[in-house]
Amino acid sequence: MARETMIPIGPFHPLLEEPELFKFYVEGEKIVHAEVRIGWNHRGVEKLAEGKTYDQDVFLVERICGICSTSHPFAFVNAVEDVSGIEVPERAKYIRTIIGELERIHSHLLWVGLAGHFIGYNTVFMWAWKYREPVLDIFEAISGNRNHYSMFKVGGVRRDIKEENVPALLKAIDEVEKFCSMLTKAVMDDPVIQARTKGIGLLKKEDAINMCVVGPTARASGVEIDIRKQHPYAASDKVPWEMIVVKDGDVYSKAVVRLLEIIESVKIIRGCLKAMPAGSIDADVREIGIGEGIGLHEAPRGEVIHFIKANGSNFPERHKIRAPSFMNVASFKKTVIGESIADAALITAAVDPCYCCTERMAVVDPDNDKVIMTGEDLVRLSQQKTERMRSRA
Amino acid sequence: MKRIFKWAIGKSPWVFHLGASACNNCDIEILDTLTPKHDIERFGLILAGSPRHADILIVSGIVNRQSLPRFQRVYEQTPNPKLVVAVGVCACSGDMFRDSYNFVKPVDEIIPVDVYVPGCPPKPEAIIAGILKAMEKWKQL
Amino acid sequence: MFNETTKNLIYFLIAPGLAFTALIGLLSTWFDRKLSARLQWRKGPPWFQPFADIIKLMGKEVIVPEGGAKEVFLSAPLVALTAVTLVSTMLWMFNLNPQVGFVGDLIVVLYLLTVPSLALIVGGSASRNPLSALGASREMKLILAYELPFLLATFTVIMKAGTLVMGNIVGYQAGHGMIMNSASGFIALLVTILVVQAKLGYPPFDIAEAEQEIMAGPLLEYSGAPLGIFRLSKAMLLFVLPVFVITLYLGGINLSSWTGGLWLLLKYLILLLVVILIKNTNPRLRIDQAVRFFWGPVMGAAIVGIILALIGW
Amino acid sequence: METIIKNLTDRFGEKIDCVVKNSRRLFVSVNKQELRPLVEYLFNELKVRFSTATAVEGRTAIEILYHFPFDQKGFVLSLRVAVTEPSPEVDSITPIIEGAEWVEREIHEMFGVNFAGHPKLERFLLPDDWPEGVFPYRKNTFDSEKEVEEKE
């Protein structure tokens, strides 16, 4: 058995925006064994949530993740409304779905750009992020901020989309759709991208089911789950669209699923903007009853679930958050082993991990070397550690 | 000779992004500064591959207990003269995660911070302005 | 007392040697970065950017990893720099007055062209760091991949020109027209351009310094002056390799009349454009894909080139 | 929804009691011993997906809720298991559903519930130098950073 060297990627690494540490035990270029050690991002959000009222909680929950910064409030608000069965006015439902879908577009575009960056194709990164700017401009027009839009409130929406700027939004959406379809064609049938992404990081269907993987990662392996279709909420079932499912589950199909979903989201937004009824946008909830509520939402990366236990007071007694990447990243055991180191980064990124959501990540440390240094010296420490590493028979 | 070096470092500061546990919105805005709409390469800034190549450390997010020792190590490895720019309210003051049990201390008690860019997330224009303001410090090197 | 050695020293240090090549090399790096930025709808860096980078790096503090082989670590960049300067001086000397050349100078140039990559490997492994060790091993694999097709392509040129002296090759081309417009010459040119792409470490072959995967590979531990020298030698390589291709394939350099100079500038810019376009239009190949690519199609093309040259096209 | 309740009751009879909260939420409480066969039945026969597990600290005992969304039928079934206070212990469902490994490890680290039969019940995301035995999410421990220092 050749002696394995341990190649750490992270925790402070230009490739990954957030700190996470992948330890790959490689023989030459092939990965034999891999562990992930996260926990750098753990901020104890659930403990903080118990100290805040429902309204303050919306803002805290929004800061869990920057890219999907409306998924968590969406699920949280669904959960609280589920506790005491609050009915949300029609118009607020439409606005909520519009915000959710807009975010899906900007999150998927961001991922396509990053995937291009990972395989060293910076032109795709620049193009994808260039087309993402108009979407952020729409957000700024609607909510005043590029990312943390804080549009949600228990029982409704904080700001209304005024009638007169709907045509402007429709024009902007058409422009975004034109860009995205061009980008989709360019990326999907580029032979070299296919060479780099086809057939690697394969997640078979039964593995996907067994690991309970959610969202595009699951839909890329042929598992049909989409909360918007199966557990309809807000206006997700009032506008015609279809769910994208692809069979073969490698990195390429994960890209295909995300790109086609952008086009679907544009369809939903256009439908909602047209079919939006007038009326109030807030059911001004006075107090929350007693009981338990579960809120589901299809975030760009998969199903977000929030659990609320309310005891009648203004503070949630228990607030449990489970982000989609928490399930998706766990599937790295099935997809990374056996691939080459150059692909490892791409495969782990294929599930579009969002570590700030999943600060509940696992830490696996068989050699119990207690303190791991960072970046530079992590590398040196692991270098000394590889000397000490006993060669596995 | 000093004057030439000061001119040179003012014109080509290389940036290394130090992402302590953030909600990665500031990280996305930092990457946004590289994109065509607000291109920082026209000021000569590039995202360096390792702290060894960097002149400016951009910090985003709060430092939790686990990443504290690693945080200091990366700071020690960046060669002088170096600057630290704290991007986002979390990096500047710890913001709403201050009273979490995993929060240790704000960034400026761990490493000396030169410029604070508040905002959640700060706009790319604000980040670029922050970096350029930080480079003024090199004038009186 | 303007004897021989000082003249050569001046040639080496100033005229076609260090200063001149560095100047042109850095300018072409700027041209490369500006054009790549424009391709991505970005406004690229100002013209003096590469100069500012190098000067800044010279002034920075140098950190050497303890436990690393200190002397080797610091000397590797110098070795790379001297090799590149030597090649550029020799190239210009052979072109300007052919009779200076000696038998087999082409072989010497070929060896010197591989020295910068070797210096990178030595530097990478001297910094005791698994990531740069991995980067160094990738650089080694890359060299093994592109070296043979490179030699085969150059062999076609030697067969056609019938000499090993660079000066005579330029002379042959002056007589019989550029090597490039014969069938085998054209194939050899294509092979050499691909190899130049790999030697420069530009995508799709920038596998050694794959920033995304292994954090700048062998250059990981370098900072300050050594890093600056490595960057400088890479920039000069960007100037030297196209000149090498021009001498072998595109009729060499004759600055007799100003049209010759203009013609040279045009050829150089075209070559630079080709390299940059290849760089921006495709993603990075994996190391095993790159090796298979070089051993497969590129090697085949080189062999076809030789057969054609044998037949005499 | 009704068909599920029907074949659940005739399969497990009195050992479980179902509470229908509304058309899309069904809570089923069961005691510890019955957990594994029930999860086995749900996951393998009904092909349901395991979403996550939540630990809620009541006055007397810690309640663990396993959430199983029925995607085809559009409602969520939550299994409720009560765990007594002194030494909270329940048998793990990771052998049945591999995806549950991390969910249970998190509850173990935050609430101190021990999962019997869990392949790798180790420290999870709290930093290495976190004192053993201090479970941040428990109400009784503390409410801010200061107490942790004293505990060390």
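The values are calculated or read from the model by the stated rules, or taken from the named source; none is laboratory data. Remember, predicted model here, so these are calculated numbers, not experimental data. Every residue, glycine as well, gets a Cβ built from its backbone with ideal geometry; the counts of neighbours run over all protein chains shown.
Filtered by the rule that a residue be in a helix (DSSP H, G or I) and either touching a Leu at 6+ places or on another chain (Cβ under 9 Å) or modelled with pLDDT of 80 or more (or both), the stretch D:12-23 gives D:Phe12, D:Lys15.
Going by what's in this entry, would C:Gly124 be described as part of a helix (DSSP H, G or I) and within 29 Å of C:Leu190 (Cα to Cα)? Even if it seems obvious, please write down each step before you answer.
Numbers: part of a helix (DSSP H, G or I): yes; within 29 Å of C:Leu190 (Cα to Cα): no.
Considered against the rule, which asks whether it is part of a helix (DSSP H, G or I) and within 29 Å of C:Leu190 (Cα to Cα), C:Gly124 comes out as no.
D:Ala61 - would you say it is at pLDDT 80 or above and either buried (at least 20 other Cβ atoms within 10 Å of the Cβ) or within 28 Å of A:Gly85 (Cα to Cα) (or both)? When the stated conditions are applied, D:Ala61 does not pass them.
Residues are listed down the side, and each one gets a yes or a no for (1) surrounded by 20 or more Cβ atoms within 10 Å (Cβ to Cβ); (2) more than 20 Å from the chain's Cα centre (by Cα); (3) among the polar types (S, T, N, Q):
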{"position": "C:Val87", "(1), (2), (3)": "yes, no, no"}
{"position": "C:Met93", "(1), (2), (3)": "yes, no, no"}
{"position": "C:Gly104", "(1), (2), (3)": "no, no, no"}
{"position": "C:Leu110", "(1), (2), (3)": "no, no, no"}
{"position": "C:Arg138", "(1), (2), (3)": "yes, no, no"}
{"position": "C:Leu142", "(1), (2), (3)": "yes, no, no"}
{"position": "C:Met159", "(1), (2), (3)": "no, yes, no"}
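Among the numbered conditions (1) without any contact (Cβ under 8 Å) to a residue 40 or more places away in the chain; (2) under 13 Å from D:Phe27 (Cα atoms); (3) not hydrophobic (A, V, I, L, M, F, W, C), the only one that D:Lys47 does not meet is (2). Taking the stretch D:24-99 and the strands (runs of 3 or more DSSP E) fully enclosed by it, the elements with 2 or more residues that are within 12 Å of chain A (Cβ to nearest Cβ) and within 17 Å of D:Phe111 (Cβ to Cβ) are at D:52-57, D:62-70. Scanning the stretch D:55-93 for residues that are more than 15 Å from D:Leu35 (Cβ to Cβ) and in contact (Cβ under 8 Å) with a residue 40 or more places away in the chain yields D:Glu57, D:Phe70, D:Lys73, D:Gly74, D:Phe75, D:Val76. Count of the stretch A:291-332 residues, restricted to those that are part of a strand (DSSP E or B) and either among the aromatic types (Phe, Trp, Tyr) or without any contact (Cβ under 8 Å) to a residue 60 or more places away in the chain (or both), is 4.
More than 7 Å from chain A (Cβ to nearest Cβ) and touching a residue at least 12 places away in the same chain (Cβ under 8 Å), is that true of B:Lys37? Against the criterion (more than 7 Å from chain A (Cβ to nearest Cβ) and touching a residue at least 12 places away in the same chain (Cβ under 8 Å)), B:Lys37 does not qualify. Just one of the numbered conditions (1) assigned to a helix (DSSP H, G or I); (2) touching a helix residue (DSSP H, G or I) at 6+ places or on another chain (Cβ under 9 Å) is not true of D:His108: (2).
C:Thr89 fulfils the conditions (1) part of a helix (DSSP H, G or I); (2) in contact with a Leu (Cβ under 8 Å, 6 or more places away or on another chain) except for a single criterion, (2).
Screening A:Lys171 on (1) surrounded by fewer than 24 Cβ atoms within 10 Å (Cβ to Cβ); (2) in a loop (DSSP other than H, G, I, E, B) shows it passes everything except condition (2). For the stretch B:1-33, give me each residue that is touching a Phe, Trp or Tyr at 6+ places or on another chain (Cβ under 8 Å) and either closer than 20 Å to A:Tyr149 by Cβ or without any contact (Cβ under 8 Å) to a residue 40 or more places away in the chain (or both). Once the filter is applied, which keeps residues that are touching a Phe, Trp or Tyr at 6+ places or on another chain (Cβ under 8 Å) and either closer than 20 Å to A:Tyr149 by Cβ or without any contact (Cβ under 8 Å) to a residue 40 or more places away in the chain (or both), the stretch B:1-33 yields B:Ala8, B:Lys11, B:Asn24, B:Leu31, B:Asp32.
The residues in the stretch C:20-48 that are within 23 Å of B:Pro36 (Cβ to Cβ), away from chain A (no Cβ under 14 Å), free of Cβ contacts under 8 Å to residues at least 60 places away in the same chain and out of contact with any helix residue (DSSP H, G or I) (no Cβ under 6 Å at 6 or more places or on another chain) can be counted, and the count is 3. Here is the figure for the stretch A:226-259: residues that are within 11 Å of another protein chain (Cβ to nearest Cβ), in contact (Cβ under 8 Å) with a residue 40 or more places away in the chain and not hydroxyl-bearing (Ser, Thr, Tyr) total 3.
Every listed requirement among (1) at pLDDT below 50; (2) in the same structural domain as A:Glu287 (by TED's automatic domain parsing) is met by A:Cys357 save one, (2). Within the stretch A:128-147, being touching a helix residue (DSSP H, G or I) at 6+ places or on another chain (Cβ under 6 Å), crowded, with 20+ Cβ neighbours inside 10 Å and in contact (Cβ under 8 Å) with a residue 12 or more places away in the chain holds for A:Ala128, A:Trp129, A:Tyr131, A:Arg132, A:Val135, A:Ile138, A:Asn147. List pairs: first residue in the stretch A:198-225 and closer than 15 Å to A:Val251 by Cβ, second residue at pLDDT 80 or above and among the aromatic types (Phe, Trp, Tyr) anywhere in the structure, Cβ distance under 7 angstrom, at least six positions apart or on different chains. Sorted first by the residue in the stretch A:198-225, then by its partner, the pairs are A:Lys198/A:Tyr252. Within the stretch A:150-202, the only residue that satisfies the criterion of being within 14 Å of another protein chain (Cβ to nearest Cβ), small (Gly, Ala, Ser) and over 30 Å from C:Ile287 (Cβ atoms) is A:Ser150.
Considering every residue within the stretch A:94-104, establish whether at least one is buried (at least 24 other Cβ atoms within 10 Å of the Cβ), within 30 Å of A:Val192 (Cβ to Cβ) and at pLDDT 80 or above. Yes, that holds for at least one residue.
Among the residues of the stretch B:1-41, those that are polar (S, T, N, Q) and closer than 20 Å to C:Gln40 by Cα comprise B:Thr33, B:Thr35.
Conditions tested, residue by residue: (1) among the acidic types (Asp, Glu); (2) part of a helix (DSSP H, G or I); (3) at pLDDT below 80.
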residue	(1), (2), (3)
B:Gly49	no, no, yes
B:Leu57	no, no, no
B:Ile62	no, no, yes
B:Phe71	no, yes, yes
B:Val84	no, no, no
B:Ser100	no, no, yes
B:Pro112	no, no, no
B:Tyr116	no, no, no
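Scoring A:Lys185 on the criteria (1) in contact (Cβ under 8 Å) with a residue 24 or more places away in the chain; (2) not in a loop (DSSP other than H, G, I, E, B) leaves a single failure, condition (1).
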